[in-house]
Amino acid sequence: MRKLLLLLTPIFIFSCNDNEEKPVTTDIPPTKMDSQRIKVLPQVNHYTVPDRSPMDMIYFPNDFPLLKMSGKTTSLPLMRVIYSRPQKQNRKIFGDLVKYNIPWRLGANESTEIEFFSTATIQGKTIKPGRYIIYCIPQETRWTFVFNSNLYSWGLEQNRQKDLLQFDAPVEKTNMPIEFFTIASEKIDDKTTDLVFLWDEMKTKLTISF
């Protein structure tokens, strides 16, 4: 019996080593059940449903959030804009969804809000630091931008009695349709920027100096 054990021991050790040396592989084809499980989407509840017109915020200087987070500035920005971004979704926008000669909120959901942290100048007119809503009256060749003090308004509830200033800006066509309504700050110099508005095939801008 002892001799038999001595003979079997090397065989057992060799078998163990052989198993250990085999590389572990995960190249196992998925089963039908696995494939079905992969296709199952996570449950969506009223907390996780994204807004169809997501809210966005832009600054001037453009890189202000990065400067703030990295501790490279302790000052306030010169300007910020808070707005919601509807999508084109194969629709004709201007002259159809957005009517000409009718006030438009420059976005979706709440009225678009602009805040100046320093005195600003647009087309020779001075704007004091503060928060305003900004909307426009679009026409085919130009838009009229209006600054208004009726904060916290929703949608198209502009109170014309609280209009403060207005500016006209020509409209140009873009090379390709823009899917999401977009407001952007295009820096000219450290104290001047073009506040650009784009959607579908339309683009216009206001030059703002501080």
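Return the residues of the stretch 34-55 that are among the β-branched types (Val, Ile, Thr) and at pLDDT 55 or above; say none if nothing qualifies.
Val44, Thr48, Val49, listed by residue number.
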Taking the stretch 162-183 and keeping only residues that are in contact with a Leu (Cβ under 8 Å, 6 or more places away or on another chain) and surrounded by 16 or more Cβ atoms within 10 Å (Cβ to Cβ), one is left with Phe167, Ala169, Ile178, Phe181, Thr182, Ile183
Restricting the stretch 79-91 to residues that are in contact with an Asp or Glu (Cβ under 9 Å, 6 or more places away or on another chain) and not in a strand (DSSP E or B), the residue that is nearest to Glu179 (Cα to Cα): Lys88
Between a first residue in the stretch 51-64 that is charged (D, E, K, R) and a second residue that is crowded, with 19+ Cβ neighbours inside 10 Å, which pairs have beta carbons less than 6 Å apart while being 6 or more apart in sequence or on different chains? Asp56/Arg85
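Pick from the stretch 58-72 the residues that are in a helix (DSSP H, G or I) and of a type outside the set (A, V, I, L, M): which of them is nearest to Glu186 (Cα to Cα)?
Phe64
Looking only at the stretch 180-195, how many residues end up being part of a strand (DSSP E or B) and either within 15 Å of Thr144 (Cβ to Cβ) or in contact (Cβ under 8 Å) with a residue 40 or more places away in the chain (or both)?
Step one: of the stretch 180-195, the residues part of a strand (DSSP E or B) are 180-189, 192-195.
Among the residues that remain, those that are also either within 15 Å of Thr144 (Cβ to Cβ) or in contact (Cβ under 8 Å) with a residue 40 or more places away in the chain (or both) are: 180-185, 187, 193, 195.
Summing the residues that are part of a strand (DSSP E or B) and either within 15 Å of Thr144 (Cβ to Cβ) or in contact (Cβ under 8 Å) with a residue 40 or more places away in the chain (or both) in the stretch 180-195 gives 9.
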Filtered residue count, the stretch 111-144, keeping only those that are crowded, with 18+ Cβ neighbours inside 10 Å and charged (D, E, K, R): 1
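The values are calculated or read from the model by the stated rules, or taken from the named source; none is laboratory data. Keep in mind the model is a prediction, meaning the values are calculated, not measured. Note that we place each Cβ from the backbone using ideal geometry, even for glycine, and neighbour counts take in every protein chain shown.
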